[in-house]
Amino acid sequence: MLAVVAALGLQPMPAAAHAMLEHANPAAGATVKGAARVTLGFSEELEPAFSGIEVSDAAGHDETAAKATAAGTEMEVRLKPLARGSYRVSWHAVSVDTHRTEGAFRFTVAP
Amino acid sequence: MNFALAVVRTAHLACLMTLFGAESMTALWRTGHSAHEGLPRWLLGLLGFTALITALLWLMLVVEQLGGGIAPAAIESVTYQTLFGRAMAVRLVLLALLAAATVAPVGPSVRVLLSGAALGAIAVSSHAAAAGAAEYFFLRAANDGLHLLAAGFWLGGLAVLARLIFAHPASTETLVASVRFFSRLGTVAVALLVVAGTFNAYLILFEGQGRWSATYLTLLAAKLVLAAIMIALALTNRLSLLPGLARNDAEARDSLTISVVAELVLGLLIVAIVGALGLLAPTMG
């Protein structure tokens, strides 16, 4: 029995994707006139204490105005006023089945 | 996949399911028959304490996985701020009481209630429970819990039969009565297992998004094949071997021995697969 588990553990496994990102606002790759917040929707309910969003500008400065909040399958973070430019959103999500997923995408602000 | 976590989950499930099933069979038998030689107390104690220790290890490994280190603050954070942690805290209390109940002078019904509650509660943080709309969460968790309990009854019942055959050779009359009894209840357990399991598979595979993981599907298929073989063996026991055993056919007794052992081994292999399945993503982004 343990040999079966060992064999499974030695196989290359696909990246876990339990709480998958289903939609984002601003969307990945979008160009927007402005953004007061970033809202992400996932496929599973999240554990708020272990999930988060970071938003940074091209120079890597933090553009979030507060800590991200999560409720149900949605997570969002308020932003500081954004200037024209490209921004990177990095997120990590832990679903109620304790599995962690993470990802990143960019959007552009062009008033 | 976290190999250590898969091993710990497997050991935990195997011990808890066996204990629950064995004591369920013993308790149900006693409602209509004389005292039944279930699993010996020392084995119940071993199963109970191993279930408790592996549950603690399970919690620690998840804490490490989520936070990168095991520290009191991290343990507290996971325990109180995640659904898994809160469920595990309740389970640890149940498992501690269960371990005590394996050495205390209490009847099997107490152990059935404690082990059943601890086993069913695993479903709260399962793939099946998490898949789908929030308003139906407890319905999905209840279904998965039922699946676990039915599987536990089957596995533990087989362990009791194995004991009757090997360690405490029973008279043919007792063995026939026990196999017949288990067979009747086992039919109900298998039916519940199949229905609940089918619903679980639907939720996990069709409520999520993204393409299916080949690894997950392969393991699920392996689980189903092994389960089908177990059902075939169980049917053979009931329809062919049991009548032979009742006629005191020595060949039937030998065949039953092989069949029960084979079912037990297959059941434990399935538990090993389940130990890993719970850590894999059913679908990929």
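Coupling constants for region B:85-94 follow from the phi torsions by the Karplus curve (6.51 cos²θ - 1.76 cosθ + 1.60, θ = phi - 60°), and in residue order they are x, 5, 5, 5, 4, 5, 5, 5, 5, 4 Hz; glycine and proline get x. B:I70 sits with roughly 90 Å² accessible to a 1.4 Å probe, with DNA, RNA and ligands left out of the calculation.
Leaving ligands, DNA and RNA out of it, report the carbon-plus-sulfur percent of the accessible area of the protein assembly as shown at a 1.4 Å probe.
65 percent
Neighbouring Cβ atoms from other chains, within 10 Å of the Cβ of residues in A:82-90, number 0 on average. For peptide A:43-49, the mean count of partner chain Cβ atoms within 10 Å of a residue's Cβ comes to 6. The simple Förster model, with R0 at 35 Å and r as the Cβ-Cβ distance, assigns B:V195 and A:A27 a FRET efficiency of 0.30. Computed with a 1.4 Å probe on the full set of protein chains, the accessible area for B:R163 sits at about 40 Å².
Once divided by 2.2 N^0.38 Å, the Cα radius of gyration of chain B becomes 1.03. When the residues A:T108, B:T26 are ordered by accessible surface, computed with a 1.4 Å probe over the protein chains alone, the sequence from largest down reads A:T108, B:T26.
Here the protein assembly as shown has an Rg and Dmax of 24.6, 89 Å, counting Cα atoms alone. Charging the Cβ of each Asp and Glu at -1 and of each Lys and Arg at +1, and nothing else, the dipole of region B:1-97 about its Cα centre rounds to 120 debye. Chain A contacts chain B over a buried accessible area of about 2700 Å², both sides summed; the probe is 1.4 Å and only protein chains count. Angle of helix B:250-277 to the longest C-alpha principal axis of chain B, folded into 0 to 90 degrees and rounded to 10: 0°.
Comparing B:A4, B:M88, B:A73 along the charge dipole axis of region B:1-103, the residue lying farthest to the positive side is B:M88, per the Cβ-charge model.
Counting only protein chain heavy atoms and rolling a 1.4 Å probe, the accessible areas of B:L139, B:L235, B:L146 rank, largest first, as B:L139, B:L235, B:L146. Each helix, a run of at least 4 DSSP H residues, gives -39500 (n - 2.57); summed and divided by the residues of chain B, these come to -27000 deg cm²/dmol at 222 nm. Helix B:172-206 axis versus longest C-alpha principal axis of chain B: approximately 30°, rounded to the nearest ten.
Our estimate of slack between B:A162 and B:V103, defined as 0.36 nm per intervening residue step minus the Cα-Cα distance, is 19.0 nm.
How much accessible area per residue does the protein assembly as shown have, counting only protein heavy atoms and a probe of 1.4 Å, in square angstrom?
Result: 44 Å² of accessible area for each residue.
Our coupling estimate for region B:74-80, obtained by passing each phi through the Karplus curve with A = 6.51, B = -1.76, C = 1.60 and θ = phi - 60°, is 5, 4, 5, 4, 5, 5, 9 Hz, Gly and Pro reported as x. In plain terms, the bigger the Kirkwood radius, the slower the diffusion; for region B:129-285, with that radius from Cα pairs, at 4 °C and 1.567 mPa s, Stokes-Einstein puts D at 76 µm²/s. Listed values for region A:29-42 are Karplus-derived 3J(HN,Hα) couplings in whole Hz (6.51 cos²θ - 1.76 cosθ + 1.60, θ = phi - 60°), namely x, 6, 10, 10, 7, x, 8, 8, 7, 10, 10, 10, x, 10, and x replaces Gly and Pro. Placing pseudo-labels 7 Å out from each Cα toward the beta carbon at B:R211 and A:R84 gives an inter-label distance of 4.0 nm.
Inter-chain Cβ neighbour count for B:127-138, averaged per residue, equals 3 (cutoff 10 Å, partner chain atoms only).
The values are calculated or read from the model by the stated rules, or taken from the named source; none is laboratory data. Only a predicted model underlies this, so the values are computations on that prediction, with no experimental measurement involved. Backbone-built Cβ (ideal geometry, glycine too); neighbour counts: all protein chains shown. In case anyone asks, the SASA skips ligands and DNA or RNA and just uses the protein heavy atoms, side chains included. Shrake-Rupley method; radii C 1.70, N 1.55, O 1.52, S 1.80 Å.
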